[in-house]
Amino acid sequence: MFGRLTLNAFKHDLIEASVGVSILLALIAIVFLLTYYKRWRWLWYDWLTSVDHKKIAQMYLIVSAAMLFKGVVDAGMMRAQQLLSVGESFGYLSTPHYQQLFTAHGTTMIFFVAMGVISAMINYLVPLQIGARDVAFPFLNSLSFWLFASGNALLIASLMVGNFSGTGWVSYPPLSNLEYSPGVGVDYWIWSVQISGAGTLLTGINFLVTILKMRCPGMTLMRMPMFVWASLVTLVLVVFAFPILTATAGMLTLDRTIGTHFFTSGFGGNPMMYVNLIWAWGHPEVYILILPAFGIYSEIVPVFSQKKLFGYVSMVWAIVAIAFLAFLVWLHHFFTMGAGPNVNAFFGFMTMLISVPTGVKIFNWLFTMFRGRIVFTTPMLWFLCFVVVFTIGGMDGVLMSVAPVDFQVHNSLFLIAHFHSVIIGGVLFGFFCGFTYWFPKIYGFKLNEKWGEYAVFCWFFGFLFAFIPLYVLGLMGATRRLDHYDASTGWFPLFAIAAFGFLVICAGIGFQVLQLYISFKERAQNRDTTGDPWNGRTLEWSTASPPPLYNFAVIPEVHDRDGFWAMKHSKTHKEKPKYEDIHMPKNTGQGFNIGVLSFFFGFAVIWYIWWLALLSIIGIFACLFYRLFDRHTETYVSVEEVERIEAQRGKV
Amino acid sequence: MNRRLKIAFFLLVLFGIAAIALLFIFGDRIAVLNPQGMIGEKQRDLLFVATILMLIVVIPVFALTFGIAWKYRAEKKSTYHPDWSHSFLAEAVWWGVPCLIIIVLGAYTWKGCHELDPFKPIESDRKPLTIQVVALQWKWLFIYPEQNIATVNFIQFPEQVPVNFEITSDAPMNSFWIPQLGGQVYAMPGMRSKLHLVANVPGDFRGASANISGAGFSGMTFIAKATSQEEFDQWVESVKESPSQLSKDEYIQLHKPSQYNPVAYYSSGETNLFNWIMMKYMSPTTP
């Protein structure tokens, strides 16, 4: 009846159980609060069924914030284990638990935090920056989010029912084959990645079409804001790369469930093929994460330097070059697999080549600041920290592209330090930078600067303390994913410094929470009534903060790059705009329903509960058909309604 | 610019100095920077060359970042050109110079990839020693086909004699790495990877698996001991006197998963055991 699911799945050791119980308690608390404040209808009609890209973006933010919290807890537990598990002592975590932690940490941070915040940014900003009222396929957008959320939920479920994978976040076979990982862990990994990956692919298609088809009049490709350019190229990468992930994970599933031999050792299977395929997705994925962050910096630097972006055309070509090269470097993740010197040299050279357009972007930002008037707000501080950390990370990225050097640092903590430098320093700092900058647009008031600054400094120095020692440890021969090491290695003091750095980062997170709380409390003083609190340059600042449901009462027309800047500075007389009925999509619950059913489907396949899998598939198709034959999917916002909303603009 | 920013900058400089100091404090313990073998030395030299080439770009980036941020802060009211956004010359410089650096580094990489290819035998007038390496769950089995001995989690070999490692796995994928001697290569089931290393001086060098292979992975460490030729010969004799023999049955016992294995010695073994282990994966039946 319940496949592999027996009571044993609920038995955990004390530490694992306490994590599960605290998640359950948190869920119960949320249900209680919603009931107590009678918010269920509000939750359903205003949020869960919403197809508004601005609301979907905020839901991405909430999910990613929760997952970030989980990922950070994972990191802290690993750091503590490495402090305690030296020589005679074996620490406080069992080996399987520790291995699940680093797998879950990687999976969470890449798929659910980094991808989540990137999706949030693209969702919120792209339509606003191109002067559109919504995305090309609003229902698809809601569906994408719910698939993403359902992938997250599966990972969380693994904390309570059964366990997660312990094979590392890319799950190399043969370790991830049934032979060596017979439990449900790898299946949890596969399905949480598979379902959220499907969501990401749909987001990719949706926003690609949105950018290509829905730009406002006058916005040619070469007039698009740089964030939109970065998003466009990112989405192309998503569309090309994610099917590889789906296919690869699909073949691994077949190996595990019906006994095929794509990636098994023996029987003609080839694990090396998996390694190639997963990185053929995995390397573009890295650029899927970093390019939007580059876009964010390209928006922030001109605004706070009060100067036009330097070298726009160069910037565009740099992004395009990075995206192209992103597909030609996957082999640098496994120089040590024994490819010949010619192959290694080719992929090494391609990898180095990527540093050229990346460097160009940095120089262009620096020369945007040059002869500007730089205001050191928190977004600008995030940018400066990014330049420092990312340059360090980029430099050792190039070092590792020299294959013989890579033989000596591959899979060591040097590598770990490298990709945390580029992902924390690049993506996460970029997100924080953008979040602070666009916060007044989303919520209508600015964030507190002082606490924000403390957060920047703690994150920055915390990062340095946590990861610079890892570079040294890697060179000392410390490999990744160790739950125990010998005292004679002499690594302990460096692990201790890294643990201290982790605490400083936690202080940074604490300041961010405090910043949100204080800013919310003092929101009356920091209210943005103009819609343009920073003297912005792009279209999203031309509408109210927060923007009305339909984004723009009148679709703007641009005549230049930095469209809104040109509008503000043009001498032409502004007539009172003439409003029309606005055509908008209606909310629908089908995205949510399919998300929930996908969760059940994933859960059923993981535990071999075939009847439930079948039922959920039928349910998913039923929802889809219901939606396909639903003819009442659109609605109009009347002129009177638009006038009423616009008249209120700027009034509290 | 406010005081907090100045303090932060000052701290950053301090941190940079401390980080560089760290390299010196731990100096002789940093295996990759203090290799004891010819291959490791060449890899380190390449690391230094690449670092210096990168610093040609990185140092100006740091200098420009803080220099520009300081000079063009809003309060100072320096030259202000809000619409200056293009300069062919400047952009040509930062597309061009990095390209040149990459070409130089690329040439080093090409040369390095061929010279330091792990599969390439080391040229030497000494006759090389062959050691066959099998990654198991979760220990390393070393077979000396010429000496007809085998060991677990320990190898000994003469200094200045090239060692030809032939590597496979009868377990999930592992990576065979002795940081003080030189870079690593994956150990994969059904595959024979090769790694050629040499120790310049006698010493005990730490070896490990660098690729996650399951529960006992952290315990897959071993000692690689380089000694004089005489000591090595004596050691081989002493291992030959060891009572256990590595027959196929004994191997099947050893193959069972176990963690943190102590060092073990086997006097003689099944001939061609290594091939048998590799070829199991080629047959259409259960390995």
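Structure summary
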item: Any hit, region A:313-333, residues being in contact with a Ser or Thr (Cβ under 6 Å, 6 or more places away or on another chain), at the interface with chain B (Cβ under 7 Å from one of its Cβ atoms) and touching a residue at least 40 places away in the same chain (Cβ under 8 Å); result: no
item: Number of positions in region B:1-43 that are touching a residue at least 40 places away in the same chain (Cβ under 8 Å) and either of a type in the set (S, T, N, Q) or more than 10 Å from chain A (Cβ to nearest Cβ) (or both); result: 6
item: Cβ-Cβ under 8 Å pairs, at least 6 apart or on other chains, region B:187-213 side closer than 13 Å to B:Phe157 by Cβ, far side of a type in the set (Asp, Glu) and part of a loop (DSSP other than H, G, I, E, B); result: B:Ala199/B:Glu159; B:Asn200/B:Glu159; B:Val201/B:Glu159; B:Pro202/B:Glu159
item: Subset tally (residues that are in a helix (DSSP H, G or I) and touching a Lys or Arg at 6+ places or on another chain (Cβ under 9 Å)) for region A:594-638; result: 2
item: Among the candidates B:Arg4, B:Arg44, residue that is more than 30 Å from B:Val185 (Cα to Cα) and assigned to a helix (DSSP H, G or I); result: B:Arg4
item: Region A:251-275: number of residues that are polar (S, T, N, Q) and within 11 Å of chain B (Cβ to nearest Cβ); result: 3
item: Scan of region A:102-161 for residues that are assigned to a helix (DSSP H, G or I) and aromatic (Phe, Trp, Tyr), ordered by number; result: A:Phe102, A:Phe111, A:Phe112, A:Tyr124, A:Phe139, A:Phe145, A:Trp146, A:Phe148
item: Residue in region B:139-150 that is facing chain A (nearest Cβ under 10 Å) and surrounded by 15 or more Cβ atoms within 10 Å (Cβ to Cβ) present; result: no
item: Hey, A:Met115 closer than 24 Å to A:Ser176 by Cβ, without any contact (Cβ under 8 Å) to a residue 40 or more places away in the chain and out of contact with any Pro (no Cβ under 9 Å at 6 or more places or on another chain) or not; result: no
item: Residue in region A:525-542 that is part of a helix (DSSP H, G or I), polar (S, T, N, Q), crowded, with 16+ Cβ neighbours inside 10 Å and in contact (Cβ under 8 Å) with a residue 60 or more places away in the chain present; result: no
item: One residue from B:Leu116, B:Leu64, B:Leu46, B:Leu105 being within 26 Å of the chain's Cα centre (by Cα), within 9 Å of chain A (Cβ to nearest Cβ) and closer than 30 Å to A:Leu384 by Cα; result: B:Leu105
item: Which listed residue is hydrophobic (A, V, I, L, M, F, W, C) and either modelled with pLDDT under 95 or surrounded by 23 or more Cβ atoms within 10 Å (Cβ to Cβ) (or both), from A:Val513, A:Val456, A:Val504; result: A:Val456
item: Number of positions in region B:174-183 that are at pLDDT 95 or above and either over 17 Å from the mean Cα position of the chain (by Cα) or within 8 Å of chain A (Cβ to nearest Cβ) (or both); result: 4
item: Looking only at region A:412-440, and only at residues there that are buried (at least 23 other Cβ atoms within 10 Å of the Cβ) and more than 20 Å from the chain's Cα centre (by Cα), the one that is nearest to B:Leu195 (Cα to Cα); result: A:Ser412
item: The listed residue being within 14 Å of chain A (Cβ to nearest Cβ), surrounded by 20 or more Cβ atoms within 10 Å (Cβ to Cβ) and over 28 Å from B:Met220 (Cβ atoms), out of B:Trp70, B:Trp94; result: B:Trp94
item: Residue that is nearest to the chain's Cα centre (by Cα) [pool: residues in region A:539-555 that are among the aliphatic types (A, V, I, L, M) and farther than 14 Å from A:Val126 by Cβ]; result: A:Leu549
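The values are calculated or read from the model by the stated rules, or taken from the named source; none is laboratory data. This one's a predicted model, so the numbers in the text were calculated from it and none came from an experiment. Positions of Cβ are generated from backbone atoms using ideal geometry, with glycine treated the same way; all protein chains shown enter the neighbour counts.
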